[in-house]
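Since every read-out is calculated from the coordinates, none of them should be taken as a lab result. Owing to the predicted nature of the structure, the values given are computational and were not obtained by experimental measurement. Note that each Cβ is placed from the backbone with ideal geometry, even for glycine, and that neighbours are counted across all protein chains shown.
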Amino acid sequence: QVQLVQSGSELKKPGASVKVSCKASGYPFSTYGLNWVRQAPGQGLEWMGWINTNTGKPTYAQGFTGRFVFSLDTSVSTAYLQIRSLKAEDTAVYYCARVRDPRYYYFDYWGQGTLVTVSS
Amino acid sequence: IQMTQSPSSLSASVGDRVTITCRAGQSMSNYLNWYQQKAGNAPKLLMYAASTLESGVPSRFSGSGSGTDFTLTISSLQPEDSATYYCQQGNISPYTFGQGTKLEIK
C-alpha cells in the first residue's frame, strides 16, 4: 500500500537548519510529484511548493524561496525539506503529500507530519 | 486565488444534514478538492474535481459546484465526522486552501 513516512519531531534554535525527510513506498517513486504543506499551530494549511520526482526540479510558492530547499534521493525513494536560518515563525507541522492527478492537483496521500519547533 | 469557506465553525447533531460552502476568488470550473482533518492527524482527501468521491470515503459525503461556488454536504452526520474541513483549489499555482470549517457534534 502507498505510504509516506516522515522523520520525527525536531527542536531547533533560531538560526539553525533542519532537514525533514519523507520516504515513499508502495508505488513507483518517480511517477508522482511530491509536495510540501505547512500548518502553523492552530492554523490552516499552506502549500509550500513541490518537487518533480522524475527530474528533481523544485518549484517554490511565494514566501518559501531562499531559506527553503526541496531535494530528493531517488535511490531510497525519499524527498527532503531543508529549512535554513530558522525563525520562530517557522514553528509548524510540515507535511509531504503526493499529487495523483496534476490536472486537478489534489493530494491523495499524506505523510504523518513532522513538527518543527524553533525556540531558544 | 483566495478561497473563502463558510461557516468557520458549526455545531450539529448526529443525523443532521450539514453543508459547508467554499467560494473562490475567481472562476475555476471544477478544480476544487475537499479534505477532512481530525485533530492531531494529517488531512485526508474526501473529494476531488468538485464532486468525485475518493475511494473508501463514505457515500454520505457529496460535493457540488462549479465556477466560484462549491459545497460539501454530509447527508447524515455521524460522530466520527467531527473534524476540520478544508477546500483547496487545484486550478492554478499556488494551490491555495480555504481557512477551514471546524465541525463539532452536539
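Here are some notes:
- Count of segment B:42-87 residues, restricted to those that are aliphatic (A, V, I, L, M), more than 9 Å from the chain's Cα centre (by Cα) and crowded, with 18+ Cβ neighbours inside 10 Å, is 6.
- Filter result for A:T59 (out of contact with any Phe, Trp or Tyr (no Cβ under 8 Å at 6 or more places or on another chain) and hydroxyl-bearing (S, T, Y)): no
- Odd one out for B:A39, checked against (1) surrounded by 15 or more Cβ atoms within 10 Å (Cβ to Cβ); (2) within 14 Å of another protein chain (Cβ to nearest Cβ): (1)
- Some residue of segment B:92-99 being more than 17 Å from A:Y95 (Cα to Cα) and touching a Lys or Arg at 6+ places or on another chain (Cβ under 8 Å): no
- Any hit, segment A:43-63, residues being farther than 22 Å from B:Q99 by Cβ and touching a Lys or Arg at 6+ places or on another chain (Cβ under 6 Å): no
- Residue within segment A:15-29 that is crowded, with 17+ Cβ neighbours inside 10 Å, over 11 Å from the mean Cα position of the chain (by Cα), within 14 Å of chain B (Cβ to nearest Cβ) and within 24 Å of B:W34 (Cβ to Cβ) present: no
- Residues of segment B:88-106 classified as under 13 Å from the mean Cα position of the chain (by Cα) and either away from chain A (no Cβ under 11 Å) or not basic (K, R) (or both), total: 8
- For B:S59, the criteria (1) within 14 Å of chain A (Cβ to nearest Cβ); (2) without any contact (Cβ under 8 Å) to a residue 24 or more places away in the chain hold in every case but one, which is (1).
Here is a yes/no grid of residues against (1) of a type outside the set (G, A, S); (2) farther than 25 Å from B:T52 by Cα:
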{"residue": "A:S71", "(1), (2)": "no, yes"}
{"residue": "A:S75", "(1), (2)": "no, yes"}
{"residue": "A:R84", "(1), (2)": "yes, yes"}
{"residue": "A:Y95", "(1), (2)": "yes, no"}
{"residue": "A:Y109", "(1), (2)": "yes, no"}
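- Matching residues in segment A:11-30 - criterion: being touching a Lys or Arg at 6+ places or on another chain (Cβ under 9 Å) and either over 15 Å from A:A92 (Cα atoms) or in a strand (DSSP E or B) (or both): A:G15, A:A16, A:V18, A:A24, A:Y27
- Qualifying residue in segment B:11-33 (condition: small (G, A, S), closer than 18 Å to A:W47 by Cα and at the interface with chain A (Cβ under 10 Å from one of its Cβ atoms)): no
- Considering residues of segment A:61-108 that are away from chain B (no Cβ under 14 Å) and β-branched (V, I, T) only, the residue farthest from A:S21 (Cα to Cα): A:T91
- Residues (within 17 Å of A:T31 (Cβ to Cβ) and out of contact with any strand residue (DSSP E or B) (no Cβ under 8 Å at 6 or more places or on another chain)) located in segment A:65-120: A:T74, A:S75, A:P102, A:R103
- Pair list, Cβ < 8 Å and 6+ apart or interchain, from segment B:63-76 residues that are without any contact (Cβ under 8 Å) to a residue 24 or more places away in the chain to residues that are part of a strand (DSSP E or B): B:S64/B:F70; B:S64/B:T71; B:S64/B:T73
- Restricted to segment B:66-87, and to residues there that are more than 14 Å from every other protein chain (Cβ to nearest Cβ) and small (G, A, S), the residue that is farthest from B:G98 (Cα to Cα) is B:S76.
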